[in-house]
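Note sheet for the following structure.
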Amino acid sequence: MEKLIYLYGIIPAGGIDAAPLPSLKGLDEKSQIYRLPFENVEAIVCELDPVEYSEEELEKKTNDVNWLHQKAFHHHETLMKLYERYPIIPMKFCTIYSGLESLKNTINTHQKRMLQLLDNIADKEEWILKLYCERDKIKEIVACNNETIESKKEKIAAMSPGRQYLEKRRLDQLIDQETEKETHVFSETIHEKLAALSVDHEVKRNWNKDVTGRQEEMCWNSVYMVDKSEITNFKSSIKELQDKWAESGWYFEVTGPWPSYHFARIS
């Protein structure tokens, strides 16, 4: 029975000649990772037993949280090691083909797109910025420095005590609204500064506190493709922004470089 083929990623043809493929174990921790050369690209793969990794068995494995965590980490770590040596189009975890012919068909169908992507990501790095804020501190600053809030306070001060009570409750709602507006405007401003230093960018969905494990609220989540010649400038710009705004309750979490998970999608 033909072995299954697990695909990690696609690199340019001849990439192995420039930097030999590191010795790495495959997903099953028994097979060895190797390359499959095609016309203009090379596939980095390992073989899997067709019985042990059949559709039915794979479904059982992926329902095992420990197995899933361990193997997803293996996939990511392998891509990181490959990324250190080659421009690579990273595949999603558990991209498995029934055999060589199946993989060949995919390569032949998408090879033009793959070459375009490899050219796009050459000499560039993917970086992620997550922007967090101390909501209470931002709210306090807005309450004291926002023109709309100040105008409302002045109007309330001139009202009768009974009317003041009702309007102060409405004022609290207004402060919440203005705080929300302020966090979005601030985050967008930061994003625009960093987008100007990148060749491509993408805004992602914010994570809640259960996912981040942080006390601060995530206000922005974005990813940038940065030319290697701009990396120093990109990182120093983030540090300057962090130093400037930390006391106001803003925190910048920047990570990278990563394999091009966001900017090298085949479809």
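Structure notes:
- With the highest mean first, a sort of the peptides 125-134, 100-109 on other beta-carbon atoms found within 10 angstrom per residue produces 125-134, 100-109.
- Most mobile listed residue (TYR53, TYR86, TYR251) in the chain, GNM with C-alpha springs under 10 Å: TYR53
- Overall dimensions of the range 125-258, expressed as equivalent-ellipsoid semi-axes from the Cα gyration tensor (√(5λ), whole Å, largest first), are 37, 14, 11.
- Database remark: amide H of SER260 closer than 5 angstrom to the amide H of ILE88 (H placed geometrically; neighbours at sequence offset of 5 or more, or on other chains; Pro and chain starts carry no H).
- Distance from the Cα centroid of the range 202-267 to that of the range 35-90 is 27 Å (rounded to whole angstrom).
- The GluC sites (Glu not before Pro) of the range 196-267 include none that meets both conditions, a loop assignment by DSSP and at most 14 other Cβ atoms within 10 Å of the site Cβ.
- Working ranking of peptides 64-72, 187-195 by packing, defined as the average number of other Cβ atoms within 10 Å per residue, highest first, is 187-195, 64-72.
- Positive-end residue, the chain charge dipole about Cα centroid, Cβ charges, pick of ALA19, HIS75, VAL45: HIS75
- Per-residue HN-Hα couplings for the range 12-23 [Karplus 6.51, -1.76, 1.60; θ = phi - 60°; Hz; x = Gly/Pro]: x, 4, x, x, 5, 5, 6, 9, x, 5, x, 7
- Residues whose amide H comes within less than 5 Å of that of HIS201, counting only those at least five positions distant or on another chain, are MET225 (H built at 1.01 Å from N in the peptide plane).
- Each Lys and Arg contributes +1 and each Asp and Glu -1, all at the Cβ; summed about the Cα centre of the range 4-122, the dipole is approximately 380 debye.
- Counting only the Cα atoms, the chain fills a convex hull of 166 Å³ per residue.
- Sequence-ordered 3J(HN,Hα) estimates for the range 48-62 from the Karplus curve with 6.51, -1.76 and 1.60 and θ = phi - 60° stand at 10, 5, x, 7, 5, 10, 5, 4, 5, 5, 5, 4, 4, 5, 6 Hz, glycine and proline given as x.
- Residue-wise HN-Hα coupling along the range 76-89, computed from phi with Karplus coefficients 6.51, -1.76, 1.60 (Hz; x: Gly, Pro): 5, 4, 5, 4, 4, 5, 5, 5, 5, 10, 9, x, 9, 8
- The ratio of the alpha-carbon radius of gyration of the range 4-122 to the globular-protein estimate 2.2 N^0.38 Å is 1.05.
- The alpha-carbon of LYS155 sits under 23 angstrom from the alpha-carbons of these lysines, leaving out residues fewer than 8 places away in its chain: LYS139, LYS168, LYS181.
No lab work stands behind these numbers, since they all come straight from the coordinates. Everything numeric here is computed off the predicted structure, so don't read it as measured data. Note: ideal-geometry Cβ built from the backbone for every residue, glycine included; neighbour counts use all protein chains shown.
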